[in-house]
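Working notes, beginning with the structure itself.
The values are calculated or read from the model by the stated rules, or taken from the named source; none is laboratory data. Computed from a predicted structure; not experimentally measured. Virtual Cβ from ideal backbone geometry, glycine too; neighbours counted across all protein chains shown. All accessible areas refer to the heavy atoms of the entire protein, side chains included, with ligands and DNA or RNA removed. Shrake-Rupley method; radii C 1.70, N 1.55, O 1.52, S 1.80 Å.
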Amino acid sequence: DLGGYPHYMAKEIQEQPESVERIIRGRLDDRFGVARLDGLNLTPRELRGFSRVKILGCGSAYYVGQIGATMIEELARIPADAEAASEFRYRNPIIEADTLYIAVSQSGETIDTAFAVEEIKRKGGRVVGLVNVVGSTIARACDGGVYLHAGPEIAVASTKALTNMAVGFALIALSLGRVRDLSNADGQRIIDAIRALPGQIKSILDFEPEIAEHAKTVAAAKSLFFVGRVRGYPVAREGAQKFKEISYRHAEAYQTSELKHGPLALIDESLPTVAVVPSDELTGRNLAAVQQIKARGGAVLAVTHAGVDFGELDVPRIVVPKTEPELDPILLTIPLQLLAYHAALTLGYDIDKPRNLAKSVTVE
Ligand code: BG6
């Protein structure tokens, strides 16, 4: 049921304030500044025993996994990284007893992710799921997990499930942090920020008409870059992924820091860049990169926060509300969903069922 929306993707984008409420509900503990995640089936001692976190997923779930890895490193100070499950399963991975493996999947049926889970289990590793569909193959195979409660997602391009994955990682990072060096006060700071997310997402969605205008401009280009640095890089990757999936435009993500090591050679009037420029400790470096792009004639659309001073630079902006720095990627991703949606709408493509793609890839 489209409920009056023209596409499932539009509906699912708009549902995000409520779907985020659902993943949070009953899971925030103000007294101890911690998340309550009983479904993980891990005691505090077990949680404390992990010295590494490895996140596995495919496509957008992999990119959100990278957002999650950064959150876990920042809040829990445990080495964490994400890898495409499709690669992991074929490369004879080293499974370590003190690594917490996290499988991320909307459908819970993606065959590459399911096989990665089996490989980990066969070698005695501990794997938990961050899955939307209750009772799905991956959810059942894992030793425990956190359900996303995003509700059914129909559009091939994932939106509300991804946002709940990112919030789910914030909850897991909080749990891992609070059995280590994250203080009660810092835990509370993150809890308060998580609680404010649904209202902030709503305020981003209110800017849809402006974002639609930006989408018309970027859709005119044959090819574009998405750039971000550290927390912003997986945001750029997911933004580019969504853009290419439904608008069929070549969209390539780079670390902002890598621009001068190669991709800058391609910048000219015909290649616009969507730059993620949050207000944080790296703002100055990101602004310098924007300046370098502009100096070569490249157009820039910035996804940024209020108060970031672009000075003389003529840069159109999508301004996103600020949350705690560790959680910024959750909100920075939202306007990029709308950018992709409106670019595809402008170009007249089949938004909910892009060519050559399936909602979940369940066969080899
Ligand atoms: C891909 C879909 O094949 O699978 C992507 O086209 C999706 O949209 C990815 O992100 C992973 O799917 P799931 O269900 O495991 O999250």
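For this structure, a couple of remarks:
- Test result for A185, assigned to a helix (DSSP H, G or I), out of contact with any Lys or Arg (no Cβ under 7 Å at 6 or more places or on another chain) and within 30 Å of A289 (Cα to Cα): no
- When residues of segment 194-223 are limited to those that are in a helix (DSSP H, G or I) and free of Cβ contacts under 8 Å to residues at least 12 places away in the same chain, the one most open to solvent (accessible area, probe 1.4 Å): E213
- Qualifying residue in segment 91-108 (condition: part of a helix (DSSP H, G or I), of a type in the set (S, T, N, Q) and either within 13 Å of the ligand (Cβ to nearest atom) or touching a helix residue (DSSP H, G or I) at 6+ places or on another chain (Cβ under 8 Å) (or both)): no
- Condition met for A157 (in a loop (DSSP other than H, G, I, E, B) and either modelled with pLDDT of 95 or more or of a type in the set (A, V, I, L, M) (or both)): yes
- Residue among E281, E269 that is under 21 Å from the mean Cα position of the chain (by Cα) and charged (D, E, K, R): E281
- Scanning segment 241-265 for residues that are in contact with a Phe, Trp or Tyr (Cβ under 8 Å, 6 or more places away or on another chain), in contact (Cβ under 8 Å) with a residue 40 or more places away in the chain and of a type outside the set (K, R) turns up Q241, F243, I246, S247, Y248.
- Check on D112, within 13 Å of the ligand (Cβ to nearest atom) and over 26 Å from L336 (Cα atoms): yes
- Each residue in segment 50-78 was checked for being outside any helix (DSSP H, G or I) and either within 16 Å of the ligand (Cβ to nearest atom) or not hydroxyl-bearing (S, T, Y) (or both), and 11 pass.
- Restricting attention to segment 340-358, the residues that are farther than 12 Å from M9 by Cβ and either within 13 Å of the ligand (Cβ to nearest atom) or in contact with a Leu (Cβ under 9 Å, 6 or more places away or on another chain) (or both) add up to 4.
Every residue, every condition in (1) open to solvent by less than 20 Å² (accessible area, probe 1.4 Å); (2) modelled with pLDDT of 95 or more, yes or no:
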{"position": "D81", "(1), (2)": "no, yes"}
{"position": "R89", "(1), (2)": "no, no"}
{"position": "L100", "(1), (2)": "yes, yes"}
{"position": "V104", "(1), (2)": "yes, yes"}
{"position": "G108", "(1), (2)": "yes, yes"}
{"position": "F115", "(1), (2)": "no, yes"}
{"position": "L130", "(1), (2)": "yes, yes"}
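- Filter result for the condition that a residue is more than 16 Å from the ligand (Cβ to nearest atom) and part of a helix (DSSP H, G or I), over L42, L47: L47
- Counted residues, segment 311-347 - those being farther than 24 Å from G65 by Cβ, open to solvent by less than 20 Å² (accessible area, probe 1.4 Å) and in a helix (DSSP H, G or I): 2
- Tallying residues that are open to solvent by 10 Å² or more (accessible area, probe 1.4 Å), within 14 Å of the ligand (Cβ to nearest atom) and more than 18 Å from the chain's Cα centre (by Cα) within segment 136-180 yields 7.
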